[in-house]
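In what follows, a single structure is set out as structure tokens and then discussed.
The values are calculated or read from the model by the stated rules, or taken from the named source; none is laboratory data. All values derive from a computational prediction rather than experimental measurement. In this analysis, Cβ positions are derived from the backbone assuming ideal geometry, glycine residues included, and neighbour counts consider all displayed protein chains. Side chains included, ligands, DNA and RNA excluded: accessible areas come from the protein's heavy atoms. Shrake-Rupley method; radii C 1.70, N 1.55, O 1.52, S 1.80 Å.
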Amino acid sequence: VWKRFTQSADEVLLSGQKDVDDFFDHERNYVVEYHSHIREAAARAEKLVRLRKNVCESYSKLADSFERMARAEPDKNMARVLARGADALHKIKKVEGRSSNDEELKLTDTLAYFQRDTNAAKDLLYRRMRCLANYEAANKNLERARGKNRDIPKAESEQSTACTKFEDISALAKTELKDLKRRRVAAFKKNLSELAELQIKHAKQQIALLQTSIAAFKE
């Protein structure tokens with residue numbers, strides 16, 4: 001908690017820091033906005049799955065009620081109708097359960113994974129900005145040392161170290177950001193396509209179950 005708090009405070013201090021690379025300036029703004037959107041989408045997807053599972057429980061409770069009604073029903077024809085209704089609801093509940101599990105796996109988990117990945121990208125860009133601020137501070141310290149002709153070797157060493165760290169993290173950040181975009185596009189294409197196919201499959205199963213139930217009721 002303390003680490004997150006101090007990082008947030010430092011991010012505020014660095015908000016006025018001008019980036020020397022337009023690529024990272026654009027990426028930082030993009031990642032911050034994208035993270036906000038994907039966090040909201042993940043929360044809504046989680047709510048969707050939770051409500052879908054509630055529907056499954058409702059089907060189960062309805063089926064149990066129909067079974068109890070069938071056992072208590074004195075009219076045999078009515079009892080058979082209720083028993084078939086209970087059987088149909090149990091079967092639909094199973095299909096609905098598989099549908100909610102697929103939504104959780106293909107949609108919610110995908111969004112949650114890339115929410116964490118985008119948050120990691122935000123942290124990486126923050127660390128790069130901190131290195132840039134340290135590098136610029138080291139440059140100023142070196143200029144002051146040269147102006148006073150004092151502690152020049154120490155200032156040069158600090159400036160060289162800060163420069164190396166900044167260049168290393170910039171190279172790493174550029175690679176990671178490009179890789180994140182590539183992986184994200186591939187994952188969303190694959191998982192959303194598979195989810196759509198699975199939902200079509202489950203919808204067809206539900207239609208078949210309902211048609212069978214209608215035929216049974218008519219008999």
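Would the stretch 193-202 turn up any residue that is under 16 Å from the mean Cα position of the chain (by Cα) and of a type outside the set (Asp, Glu)?
Yes: the stretch 193-202 contains one or more residues that are under 16 Å from the mean Cα position of the chain (by Cα) and of a type outside the set (Asp, Glu).
Where residues in the stretch 56-80 are open to solvent by less than 60 Å² (accessible area, probe 1.4 Å) and among the aliphatic types (A, V, I, L, M), which of them is nearest to ALA215 (Cα to Cα)?
ALA79
Any chance you could count how many residues in the stretch 117-147 are more than 19 Å from ASP25 (Cβ to Cβ) and open to solvent by 30 Å² or more (accessible area, probe 1.4 Å)?
Residues that pass the stated criteria total 11.
State yes or no: is ILE169 at pLDDT below 90, of a type outside the set (S, T, N, Q) and either more than 23 Å from the chain's Cα centre (by Cα) or under 30 Å from LEU111 (Cβ atoms) (or both)?
no
State all residues of the stretch 195-219 that are within 11 Å of VAL81 (Cα to Cα) and assigned to a helix (DSSP H, G or I); if no residue qualifies, say none.
SER213, ILE214, ALA216, PHE217, LYS218, listed by residue number.
Can you pull out the residues in the stretch 148-158 that are open to solvent by 100 Å² or more (accessible area, probe 1.4 Å) and of a type in the set (S, T, N, Q)?
ASN149 - this is the single residue of the stretch 148-158 that is open to solvent by 100 Å² or more (accessible area, probe 1.4 Å) and of a type in the set (S, T, N, Q).
Working carefully through the options ASN101, ASN29, ASN54, ASN77, find the one that is closer than 22 Å to ALA121 by Cα and among the polar types (S, T, N, Q).
ASN29
Can you tell me how many residues within the stretch 24-43 are among the hydrophobic types (A, V, I, L, M, F, W, C), open to solvent by less than 60 Å² (accessible area, probe 1.4 Å) and modelled with pLDDT under 95?
2
So which of ARG182, ARG130, ARG150 ends up being free of Cβ contacts under 8 Å to residues at least 40 places away in the same chain and over 21 Å from TYR113 (Cβ atoms)?
ARG150
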